[in-house]
Amino acid sequence: MGRLSFVLFCIEKYADYKAMPSNEVYKLFEENGVLEMLESDYDVLHGFGFEYIVRDIDQFMAR
């Protein structure tokens, strides 16, 4: 999975998890620097399950 596919996957899965439209999740991720974090941490994150990634995203945005 490439970086762009991974970011799109995370947006869609997080949207499902939070029961939000994916365009709102994209805005949320953009405003909170999550898009950059997912891209820069791709090498580490893409090997983890989505439950771990969701917790990581939630913790990142809580800072």
Q: Could you please tell me which pairs satisfy a Cβ distance under 6 Å, a separation of 6+ or placement on different chains, a first residue in the range 47-63 that is in a helix (DSSP H, G or I), and a second residue that is surrounded by 10 or more Cβ atoms within 10 Å (Cβ to Cβ)?
A: 50/13; 53/45; 54/17; 57/34; 60/37; 61/32
**Q.** Search result, residues across the range 11-22 that are open to solvent by 70 Å² or more (accessible area, probe 1.4 Å) and either in contact with a His (Cβ under 6 Å, 6 or more places away or on another chain) or assigned to a loop (DSSP other than H, G, I, E, B) (or both)
**A.** 19
Q) For the range 1-10, which residues satisfy the criterion of being open to solvent by less than 70 Å² (accessible area, probe 1.4 Å) and either touching a residue at least 12 places away in the same chain (Cβ under 8 Å) or in a helix (DSSP H, G or I) (or both)? A) 5, 6, 7, 10
**Q.** Residue in the range 23-44 that is surrounded by the most Cβ atoms within 10 Å (Cβ to Cβ), counting only those that are under 11 Å from the mean Cα position of the chain (by Cα) and over 17 Å from residue 58 (Cβ atoms)
**A.** 42
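The values are calculated or read from the model by the stated rules, or taken from the named source; none is laboratory data. Computed from a prediction, not measured in an experiment: that's the story for all the values here. Every residue, glycine as well, gets a Cβ built from its backbone with ideal geometry; the counts of neighbours run over all protein chains shown. Note: areas computed on protein heavy atoms with side chains; ligands, DNA, RNA excluded. Shrake-Rupley method; radii C 1.70, N 1.55, O 1.52, S 1.80 Å.
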